[in-house]
Amino acid sequence: MGYGRIHNFSAGPAALPEPVLEVLRDEMLNYKNSGMSIMEMSHRSKEFSKILEKTEALARKLLAIPDDYAVLFMQGGASHQFAMIPVNFLSEGKKADFVHTGYWTKKAISEAKKVGSVSLAFDGEKSGFVKLPGATEIKWTPDAAYSFLCSNNTIYGTQFKQFPTAPTPLIADMSSDYFSRPFDVKKFSLIFGGAQKNLGPSGLTLVIAKKDFVEKGTEKIPVFFQYRSHVSEGSRYNTPPTFAIYTMGLVLEWLERQGGLASMEKRNQEKAAMIYDTIERSQIYKCPLDPGSRSLMNVVFKIKPDAPDSEKIEDRFVAEAEKKGLSGLKGHRAIGGLRASIYNAFPIEGVKALCDFMREFEKKG
Ligand SMILES: *Cc1c(COP(=O)(O)O)cnc(C)c1O
């Protein structure tokens, strides 16, 4: 690692592959002899059209996205999707089914409730969101307009290893594990995620939507809020976040050079296993989560959770780690504790450095 950069465990915006940042730097003032920066280029120019096409083609290839699905480059982040999904697909008297697994599904649920009614096919709140449901624990509503889950719970640190099959169109928030592993797109009618965790800078949302599902959306809402407008205009209904799309394209090229999603998954498993092992072998670190539900992207843990001074020790851990160039280890403000976010671009050396630091901190007391 060069340039005085440190190990960045931030949950998002998060670490980007260094080779991608280097390309951005080199092309900042003059993109491929065009005489201008990507940021200064019309979104309808030939150059940018090529970038958009290439980025979509790469996404399709990496995830094996079928032709009857649209790939949309949108703005507003995952939170915008929480609102946009119910206004398109839910209406008064209709029901949306939620697999409620944490902080982000709670936000999605409260937005859906503004539009129609909601049923909890699974409610993890009673057990503190420490475990994800198995297929038989989810009680789907057979006539729901759609069902909704979050693939990776960024804050609580849980992740579906296998996706359940729903009887109604399944929608997934994949903000924090998009492109971290292969999965079957055909299981879903709509998938979305903000780019800022695994795919690029903030300001860009990648949506993958089944075209016939998009057509089921109501036309009684402003055109901008309808998915079909963005599908029919090829993500250029208005000006898309061009620089962020370009950056995502570079990240996807990088992913392909790493061997694609199957290799990425293997690396992500190795990285996460190193930290979970360090936790299991220690006397002071505890992971509060069911072993079968633990995330490969966000490793959540605590230090001596039963001790009265637990929080103080954790604060000291964060401060000392920071001094060693290990940044962003504080848990989300909603639940406290510690969290190491280790998305695709986070290097294995950083994981080793964290594990060494954890052992050293425990020994020193
Ligand atoms: C970060 C995150 C969000 C919020 O994303 P924004 O782009 O800030 O709206 C939603 N869901 C999940 C799973 C996340 O990790």
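The values are calculated or read from the model by the stated rules, or taken from the named source; none is laboratory data. The shown structure was predicted, so the numbers you read here are calculated from the model rather than taken from an experiment. Neighbour counts run over all protein chains shown; Cβ positions are idealised from the backbone, glycine included. Only protein heavy atoms, including side chains, enter the accessible area calculation; ligands, DNA and RNA are left aside. Shrake-Rupley method; radii C 1.70, N 1.55, O 1.52, S 1.80 Å.
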Worksheet item: Condition test on V20, is it touching a residue at least 60 places away in the same chain (Cβ under 8 Å) and touching a Leu at 6+ places or on another chain (Cβ under 7 Å)?
Response: yes
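Only one residue in S175, S110, S151 is among the polar types (S, T, N, Q), open to solvent by less than 20 Å² (accessible area, probe 1.4 Å) and out of contact with any Lys or Arg (no Cβ under 8 Å at 6 or more places or on another chain). Which one?
Values: S175 fails: out of contact with any Lys or Arg (no Cβ under 8 Å at 6 or more places or on another chain); S110 fails: open to solvent by less than 20 Å² (accessible area, probe 1.4 Å).
Residue meeting the stated conditions: S151.
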Discussion item. Given the criteria under 19 Å from N152 (Cβ atoms), outside any loop (DSSP other than H, G, I, E, B) and out of contact with any strand residue (DSSP E or B) (no Cβ under 9 Å at 6 or more places or on another chain), does L250 qualify?
Written reply: no
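A quick yes/no check of all residues on (1) touching a Lys or Arg at 6+ places or on another chain (Cβ under 7 Å); (2) in contact (Cβ under 8 Å) with a residue 24 or more places away in the chain; (3) open to solvent by less than 10 Å² (accessible area, probe 1.4 Å):
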| residue | (1), (2), (3) |
| --- | --- |
| K186 | no, yes, no |
| V214 | yes, yes, yes |
| E233 | no, no, no |
| G259 | no, no, no |
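Against the condition under 18 Å from the mean Cα position of the chain (by Cα), aromatic (F, W, Y) and either farther than 24 Å from A14 by Cβ or assigned to a helix (DSSP H, G or I) (or both), how does W140 come out, does it pass?
no
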Discussion item. Tell me whether region 98-114 contains one or more residues that are more than 21 Å from P167 (Cα to Cα), without any contact (Cβ under 8 Å) to a residue 24 or more places away in the chain, hydroxyl-bearing (S, T, Y) and within 15 Å of the ligand (Cβ to nearest atom).
Written reply: yes
Worksheet item: How many residues are under 21 Å from K210 (Cβ atoms) and in a helix (DSSP H, G or I) if we restrict to region 54-84?
Response: 15
Worksheet entry | Of all residues in region 85-97 being buried (at least 20 other Cβ atoms within 10 Å of the Cβ) and outside any loop (DSSP other than H, G, I, E, B), the one that is nearest to the ligand (Cβ to nearest atom) | I85
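Quick check on K197: is it under 30 Å from G331 (Cβ atoms), among the basic types (K, R) and either more than 16 Å from the ligand (Cβ to nearest atom) or at pLDDT 95 or above (or both)?
Details: under 30 Å from G331 (Cβ atoms): yes; among the basic types (K, R): yes; either more than 16 Å from the ligand (Cβ to nearest atom) or at pLDDT 95 or above (or both): yes.
Criteria met by K197.
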